Amino acid sequence: MATKVENWREKEAGIDEIFEKYPEIPKIIILKTDVHRRGYVLSEKAERLLEEGNYQSEADTIFGEKLGAKKIPIGLTFRDGTSLIGGYRSNEGIRDHYVIDAIDGKFYVTDNGNVYEEVDFWKEPDFYHKKTSKGTPMGEVVNVRPQRLNFAISRVCHFWDTPGEGCKYCYVGINGIEATKKNIPALYDYDEIAESVAEAIKQQGRFSMIMVTTGSILTGKKVFDDEVDEIIKAFEKVKPIFNRKDLKVQLIGSAYDKEQLIRLKEATGIIGYTADLEVANKEAFEWICPGKAKHVGYEEWKKRLYDAVEVFGRGNVNTGIVGGVETAQPNGFSSEEEALKAVLSEAEELAQHGVSVAYIVWGICGIFKDQVPPSLDYYIALAKGLDEISRKYGLEAYFDDYRRCGNHPNTDLGRI
Ligand code: SF4
């Protein structure tokens, strides 16, 4: 059970105060960030309305979880086109959850008697319930966001093979362990992926890009050699669908060395590369991501991102961080002010080398299931600070902007 913060409404600035403190930040982005931070539940009326509509619910990919027969939303869209991935909670909140209610046939974010914003859930794509030639529902092979297709290479992240080396906030690793226990193969079936992608893109006007990710595969002559090989094998199946040299694909993978990066780009034609540093502070990174620290190291991870800019070009490389995880206790920053200063200083160094940063709101789970994420004020200051750095260095987050991803409060600000 989550650690409940008692009387939190009295202890920290509420959303209305944050609206006033940051008049330059759109209220929808502030609200979206807070809904992500605190999570949401559905009122009974909203549950009924959700059941009636053609909404996407459970997914069984690397990102998804099956939660039984009840329709569980996997994402929200706000009126400005930004999205919130996840956020639904079936347990008690660390701070009270927002409630999505149904009013006059529409969904609204509400809290403590206030009605804030109309939202909608993600619509199911046409291909979702079709089956591959092997009989698997395509929605279990390839999942979607409002404008993008996602597929994965390995559902298992092998940093978890050695106890204590998985990233402490991560649920992908735990899902992978569960899959292994059930004898589900670690690697997805690339023929099924190709069939599902081919079917998905028949829907006119729905998808503008593909995102590919993978749990880390550490084996090979050098660390990640086998991971790169597997991605190339998958693209041997997927690339012919598009019949072109470059593909509007973002890969979120491990931090490859320069030889691996070149090999990957040449063989696949992907144009966007992300290797998530996750924690923008060396000491906190070494505590929170021990596997990454052991197999690559903090400075080497950054160097590989800089090498990637030479291979993929400025503007095509970024890194994800789990916003707020640097305040995890006992070894993270105990002061939000110091944490913010440290993260923004690292982000500036990354930006100087052409690497932009996209943060997600820390969703409490995994080994860190009893941690408490920071204040809304922290998250908004982080979004503002990272956006200012991106503007200063002229970095755009094409693949992670509000249209294609929409899950990063700082890149959401890029539209202004
Ligand atoms: S690298 Fe870390 S965050 Fe990514 S899947 Fe593996 S354990 Fe999770």
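The values are calculated or read from the model by the stated rules, or taken from the named source; none is laboratory data. Small disclaimer: the values here were computed from a predicted structure and weren't measured. Cβ coordinates were reconstructed from backbone atoms using ideal geometry, including for glycine residues, and neighbour counts include every protein chain displayed.
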(message) Is it the case, given these coordinates, that Ala381 is among the aliphatic types (A, V, I, L, M) and either under 16 Å from His36 (Cα atoms) or over 18 Å from the mean Cα position of the chain (by Cα) (or both)?
(response) yes
(request) From the list Glu227, Glu283, pick out the single residue that is among the acidic types (Asp, Glu) and either more than 28 Å from Val372 (Cβ to Cβ) or not in a helix (DSSP H, G or I) (or both). (result) Glu227
(request) Please find, within the stretch 271-288, the residue that is surrounded by the fewest Cβ atoms within 10 Å (Cβ to Cβ) out of those that are within 13 Å of the ligand (Cβ to nearest atom) and closer than 30 Å to Lys245 by Cα. (result) Asp276
(request) Given the conditions (1) more than 16 Å from the ligand (Cβ to nearest atom); (2) surrounded by fewer than 16 Cβ atoms within 10 Å (Cβ to Cβ); (3) at pLDDT 95 or above, report the number of the one that Thr219 does not fulfil. (result) (1)
(message) Of all residues being hydrophobic (A, V, I, L, M, F, W, C) and surrounded by fewer than 18 Cβ atoms within 10 Å (Cβ to Cβ) in the stretch 8-40, which is modelled with the lowest pLDDT? Just the residue, please.
(response) Trp8
(request) Select from the stretch 332-351 the residues that are farther than 14 Å from Glu283 by Cβ and of a type in the set (A, V, I, L, M) and list them in ascending order. (result) Leu340, Leu344, Ala347, Leu350, Ala351
(message) Can you find, within the stretch 207-224, the residue that is nearest to Phe127 (Cα to Cα) among those that are among the hydrophobic types (A, V, I, L, M, F, W, C) and assigned to a loop (DSSP other than H, G, I, E, B)?
(response) Phe207
(request) Taking Phe368 as meeting all but one of (1) more than 29 Å from Leu247 (Cα to Cα); (2) touching a strand residue (DSSP E or B) at 6+ places or on another chain (Cβ under 6 Å), write down the number of the exception. (result) (2)
(message) Filter the stretch 149-158 down to the residues that are farther than 16 Å from Glu230 by Cβ and crowded, with 22+ Cβ neighbours inside 10 Å and list them by number.
(response) Leu149
(request) State which residue is nearest to the chain's Cα centre (by Cα) when the search covers only the stretch 172-206 and only residues that are crowded, with 19+ Cβ neighbours inside 10 Å and within 13 Å of the ligand (Cβ to nearest atom). (result) Val172
(message) Which numbered condition in (1) over 22 Å from Phe312 (Cβ atoms); (2) away from the ligand (no atom under 16 Å from the Cβ); (3) surrounded by fewer than 22 Cβ atoms within 10 Å (Cβ to Cβ); (4) small (Gly, Ala, Ser) is the only one that Gly164 fails?
(response) (2)
(message) Looking at the stretch 241-251, can you tell me whether even one residue there is modelled with pLDDT of 95 or more, within 15 Å of the ligand (Cβ to nearest atom) and surrounded by 14 or more Cβ atoms within 10 Å (Cβ to Cβ)?
(response) yes
(request) State all residues of the stretch 289-320 that are closer than 19 Å to Thr213 by Cβ and either assigned to a helix (DSSP H, G or I) or within 11 Å of the ligand (Cβ to nearest atom) (or both); if no residue qualifies, say none. (result) Cys289, Gly291, Lys292, His295, Val296, Trp301, Arg304, Leu305, Ala308, Val311, Phe312, Gly320
(request) Under 6 Å between Cβ atoms, at least 6 apart or on separate chains: pull out the pairs that start in the stretch 155-168 with a residue that is in a helix (DSSP H, G or I) and end on any residue that is among the basic types (Lys, Arg) and surrounded by fewer than 19 Cβ atoms within 10 Å (Cβ to Cβ). (result) none
(message) Any residue that is under 19 Å from Glu165 (Cα atoms) and either in contact with a Leu (Cβ under 6 Å, 6 or more places away or on another chain) or buried (at least 17 other Cβ atoms within 10 Å of the Cβ) (or both) - is there at least one of those in the stretch 260-270?
(response) no
